[in-house]
Amino acid sequence: MSTLLTVRNLWVTHPGDQGDFVAVRNVSFSLGRERLGIVGESGSGKSTTGRAIMGLVGALGRVQAEELRLGETDLLALSERGFRKLRGRRVAMVLQDPKYALNPVMSIGHQIAETHRAHMRAGSRAARLAALKMLEAVRIRDPERVYGLYPHQVSGGMGQRAMIAMMLIAEPELLIADEPTSALDATIQTQVLAILDELVRVRGMGLMLISHNLHLVSAFCDRVLVMYAGRVVEACDSGRLHQAQHPYTRGLLAALPELGHRRDILPQLQRDPAWAAGA
Amino acid sequence: MVLTFLGLTVVTFFIGRVIPIDPALAIVGSKASNETYERVRAEIGLDLPLPVQYWRYLAKVLHGDFGTSVITSQPVLTDMLSVFPATLELALLALLIGAVGGVPLGVVAATHRGRWPDHLTRLLSLFGYSMPVFWLGLVGLLLFYAKLGWVEGPGRIDVGYEDMVPTVTGLLTVDALLDGDYDVFRNALSHLVLPASILGYLSLAYVARMTRGFMLGQLRQEYVLAAKAKGLSQWRVVWVHALGNVWVQLITVIALTFGSLLEGAVLTETVFSWPGLGLYMKNSLFNADLNAVLGGTVMVGVAYILLNLISDLLYPLVDPRARERT
């Protein structure tokens, strides 16, 4: 399996008033054409890791690594111009809530076609056709109608499918899905994940699924990284998650409620400062 | 809107009653006998209860009757309609300068937050905010008219060019263009450009500051991150995506700016002897011409109400979310 993404000793720092804040420390992993899940609580650095790969950590954020490579492209040496060509075309990102991640004053079809126009050498007619086809690919019935709708006129599930269409239309190799279903109803979550799964598989893409939902990630992904305080504390195949070694992962697993086992008190997660220090 | 208008007339009416100018006395003069004075007072209805007086006033205003001006002996409405286009021309050009300059300036300040374009914009805005308009006008006249001779001085047009073009819109520059008379156009524009620039600069300062604030709010939104993640150029992200959402808020700001331009014209028109509504109101005020002053006040108030209406009508054009409510 060819390697799509190589990350070796990635650090991301944000300068703050009281010294630098290290969001990601010493993170290493590689990704092929597979589905990699990254789990962790809020502030564990999982989103920042995704954004570092796209060069979107903000003007002040600093990205350092021994190696950060997308295919043959060295991301560390890439200029903003270079990143612009890469974004959408080779690596794209689905954000959490379509209510905020779609531009409210632009029609959905227009936003999808816009990605196409930014990367493909084709006119607006071709972009429109491609967008309609993409809407169909995310299983939207009546794409012609939805093309002209505005984000406030569609449901969350449809909005998220439009978002997926917008990010996949230029056929990227890698998709970073940052909590793609957390803002959706439970029933819709499964549908959207199924669509995502199908597209990623058919197109032979790599997928980085960032979530706080351990269940979802272990059910959906091939491999799982568990992050805590900016570090990767556990990396394993999702099938072997129950054999996880790290006490943090064990704690998370123990805290999962189970059907049929009624527990009055969920065990509280014990945190050890040594984990953050890299034990 | 009807309520706003009623409120406006109530305020102007009572202002007219509480200020120490006695209209009856103004008509009969101080030497008239008590009898004559009482008769005139009854004739113009000043002996009636206030609500009745207000009702009569409102009925007249609604028929476009603001009374007769003491100085010009013409109906106030006729006077106002003849001077209003001059003010409109001044305010329109000023608004154009303010919007065309202020919006891009605010956008650039927001995208370069904390760097020199931002500081420059803040400095320009601060200066525009804090300098009194009449002072700017005088300095402008001294510099560009008296010293450099780049523009024509006070007034709307040179005497020699007066009444050369037929009145169509009342906006002298437009009328001259319609008539194809470029000498008149050039002269009128040269008179117009300095007062309009000074008024325009003030609104530019305000528009730029508001735009900067709105833009900073939008640039933090998720859809901006998504637009970047699609690989769009910085230009498109800022000027199409973020600014597209800022227009929704800017419309109100620009409409109100236009209102304040009409109102702020009083000082500018005085400094530049610009024969518009502002100068008319100032002259009326100094001559205790109550009908004219109140008429002008109602006129400016009506302009505000109309501007609000226009901005309400414009919302759906820039915001699809506003289209459904109508």
task = Confirm whether A:Cys236 is at pLDDT 85 or above, of a type in the set (A, V, I, L, M, F, W, C), surrounded by 10 or more Cβ atoms within 10 Å (Cβ to Cβ) and farther than 27 Å from A:Thr13 by Cα.
result = no
request  = For B:Thr173, indicate whether it is within 20 Å of B:Ala91 (Cβ to Cβ) and open to solvent by 60 Å² or more (accessible area, probe 1.4 Å).
outcome  = no
request  = Have a look at B:Leu178, B:Leu202, B:Leu141 and point out the one that is open to solvent by 10 Å² or more (accessible area, probe 1.4 Å), out of contact with any helix residue (DSSP H, G or I) (no Cβ under 9 Å at 6 or more places or on another chain) and among the aliphatic types (A, V, I, L, M).
outcome  = B:Leu178
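Quick grid of which residues meet (1) in contact (Cβ under 8 Å) with a residue 40 or more places away in the chain; (2) in the same structural domain as B:Gly200 (by TED's automatic domain parsing); (3) under 28 Å from B:Leu216 (Cα atoms):
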position: B:Pro85; (1), (2), (3): yes, yes, no
position: B:Leu90; (1), (2), (3): yes, yes, no
position: B:Gly101; (1), (2), (3): yes, yes, yes
position: B:Gly106; (1), (2), (3): yes, yes, yes
position: B:Ala109; (1), (2), (3): yes, yes, yes
position: B:Gly114; (1), (2), (3): no, yes, yes
position: B:Asp118; (1), (2), (3): yes, yes, yes
message = Could you check segment B:106-130 and list, in sequence order, the residues that are surrounded by fewer than 16 Cβ atoms within 10 Å (Cβ to Cβ) and within 20 Å of the chain's Cα centre (by Cα)?
response = B:Tyr129, B:Ser130
query = Looking at segment A:49-70, which of the residues that are outside any helix (DSSP H, G or I), surrounded by 16 or more Cβ atoms within 10 Å (Cβ to Cβ) and modelled with pLDDT of 90 or more is nearest to the other protein chains (Cβ to nearest Cβ)?
reply = A:Leu56
inquiry  = Let me confirm something: among B:Gln249, B:Gln234, which residue is within 11 Å of chain A (Cβ to nearest Cβ) and of a type outside the set (A, V, I, L, M)?
reply    = B:Gln234
ask   = Any residue at all in segment A:85-99 that is closer than 30 Å to A:Leu256 by Cα and in a helix (DSSP H, G or I)?
value = yes
message = Out of everything in segment B:27-65 that is acidic (Asp, Glu) and touching a helix residue (DSSP H, G or I) at 6+ places or on another chain (Cβ under 9 Å), what residue ends up being least open to solvent (accessible area, probe 1.4 Å)?
response = B:Asp65
Within segment A:77-115, tally of residues that are within 25 Å of B:Pro316 (Cβ to Cβ), more than 7 Å from chain B (Cβ to nearest Cβ) and open to solvent by 30 Å² or more (accessible area, probe 1.4 Å) = 2
task = Can you tell me which residue among B:Val168, B:Val159 is without any contact (Cβ under 8 Å) to a residue 60 or more places away in the chain and within 22 Å of the chain's Cα centre (by Cα)?
result = B:Val168
task = Please go through segment A:71-84 and pick out each residue that is in contact with a strand residue (DSSP E or B) (Cβ under 9 Å, 6 or more places away or on another chain), within 20 Å of A:Met205 (Cα to Cα) and not in a loop (DSSP other than H, G, I, E, B).
result = A:Asp74, A:Leu75
ask   = Take the residues of segment A:134-145 that are part of a helix (DSSP H, G or I) and away from chain B (no Cβ under 14 Å): which is most open to solvent (accessible area, probe 1.4 Å)?
value = A:Arg145
inquiry  = Looking only at residues that are closer than 13 Å to B:Gly102 by Cα and open to solvent by less than 10 Å² (accessible area, probe 1.4 Å) in segment B:205-231, which one is farthest from the other protein chains (Cβ to nearest Cβ)?
reply    = B:Ala205
note = Checking A:Ala118, A:Ala170, A:Ala131 in turn, the sole residue that is under 23 Å from A:Leu86 (Cα atoms), buried (at least 20 other Cβ atoms within 10 Å of the Cβ) and at pLDDT 95 or above turns out to be A:Ala131
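The values are calculated or read from the model by the stated rules, or taken from the named source; none is laboratory data. Here the structure is a predicted model, which means the values were calculated and not measured. All Cβ positions, even for glycine, are placed from backbone atoms using ideal geometry, and neighbour counts span all protein chains on display. Note: accessible area is taken over every heavy atom of the protein model, side chains too, but ligands, DNA and RNA are not part of it. Shrake-Rupley method; radii C 1.70, N 1.55, O 1.52, S 1.80 Å.
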